[in-house]
Amino acid sequence: MLGPITNDLEVASEALRQGNLSLVNIIGNRIATDSIILGEYNIVIVGFLVKEISGDCMTCKSWGQENFENSIEFGLKFIERIKSIINNEFDAELIWKEYIKFEEQIFKYILIDIERDIYKKDLDFVKETRVLLMKLLDSYKNYLFNRNNNLIRGIASEMSRVLNEYGFPPKELAFYLLMKVLGQYYNYFVLDYSSSDDASKTAKRQSLESDIRSIEALFEEENPNFFKDLNQIICKLGKEWRELYIIYGDMAPIIEEKRLELPVEAKKEIQDIIIQGLKAEVEKE
């Protein structure tokens, strides 16, 4: 039943061996679509994780051949473990643990030497960053219905940077991936929303607001089913993303006006938490 997904992963492995990261990223998209065709919605997450392998290896490649080769080795092992998991009994938590392991393995290869020598793990700071960025998502979610905004991409970018510098707590890594998934969906949502009539816009607005509430609720309290619930949100957003892709094709939303930046208040909040974190680091020494 999962033959097409297994084939996709085989192609991703071979592309990774050859250093063809663009194809690896494309295969991630294919896995998401093939999972939907097969009705195996749980496996949509695998497509996003394969896309992350491509992006992480590309970053490592920027810092030298040795970093790149090491990242490819870890990526290949990760894909093999994913294949083993999905061909047995699917386990969202086990998939997630393997993803954390992959990120921890490439941790020292994703930074340049200067950064690697100075930045040390600070998981509390990573958590503080996630809390702040979630507040920004809630405070400025109305911006999402303006076609010219960078809110989700900006949040994902800041979360990615802090994770790469200070480590990968599971919930914070989950938030980052959710923002990447939401961003993929949102690129098409905003195009679809802007071309809809008023009645359709109301329904679509309510749907996106519901998705954001689901993300916020996931992090509000301890949840023994965290990874299962996380995967359900990813499945929903991934499915809607690929359906809109079929409608609109391989095109990003066309932005004619100047793209809006994050509001000044939001930028100041990010700067403040970074400054507080640096002060805390100094006080520890």
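The values are calculated or read from the model by the stated rules, or taken from the named source; none is laboratory data. The shown structure was predicted, so the numbers you read here are calculated from the model rather than taken from an experiment. Every residue, glycine as well, gets a Cβ built from its backbone with ideal geometry; the counts of neighbours run over all protein chains shown.
Being farther than 16 Å from L132 by Cα and surrounded by fewer than 17 Cβ atoms within 10 Å (Cβ to Cβ) is true of D197.
Does N25 count as in the same structural domain as N7 (by TED's automatic domain parsing), of a type outside the set (S, T, Y) and in contact with a Phe, Trp or Tyr (Cβ under 6 Å, 6 or more places away or on another chain)? It would help to see each step written out before you state the result.
Values: in the same structural domain as N7 (by TED's automatic domain parsing): yes; of a type outside the set (S, T, Y): yes; in contact with a Phe, Trp or Tyr (Cβ under 6 Å, 6 or more places away or on another chain): no.
Against the criterion (in the same structural domain as N7 (by TED's automatic domain parsing), of a type outside the set (S, T, Y) and in contact with a Phe, Trp or Tyr (Cβ under 6 Å, 6 or more places away or on another chain)), N25 does not qualify.
Per the listing V44, V50, the residue uniquely assigned to a helix (DSSP H, G or I), surrounded by 18 or more Cβ atoms within 10 Å (Cβ to Cβ) and touching a residue at least 60 places away in the same chain (Cβ under 8 Å) is V44.
Here L182 clears all of (1) surrounded by 19 or more Cβ atoms within 10 Å (Cβ to Cβ); (2) assigned to a loop (DSSP other than H, G, I, E, B); (3) out of contact with any Lys or Arg (no Cβ under 9 Å at 6 or more places or on another chain) except the condition numbered (2). If the condition is being of a type in the set (G, A, S), surrounded by fewer than 24 Cβ atoms within 10 Å (Cβ to Cβ) and in contact (Cβ under 8 Å) with a residue 24 or more places away in the chain, then region 22-41 contributes S22, G28. Condition check for W241 on (1) closer than 29 Å to V131 by Cβ; (2) modelled with pLDDT of 85 or more; (3) loosely packed, with under 15 Cβ neighbours inside 10 Å: one failure, at (3). Applying the set (1) over 28 Å from I110 (Cα atoms); (2) in contact with a helix residue (DSSP H, G or I) (Cβ under 8 Å, 6 or more places away or on another chain); (3) not small (G, A, S) to P224 leaves exactly one unmet item: (2).
Residue by residue, here is whether (1) under 17 Å from the mean Cα position of the chain (by Cα); (2) under 22 Å from C57 (Cα atoms) holds:
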position	(1), (2)
I82	no, yes
I100	yes, yes
I114	no, yes
D117	no, yes
D122	no, no
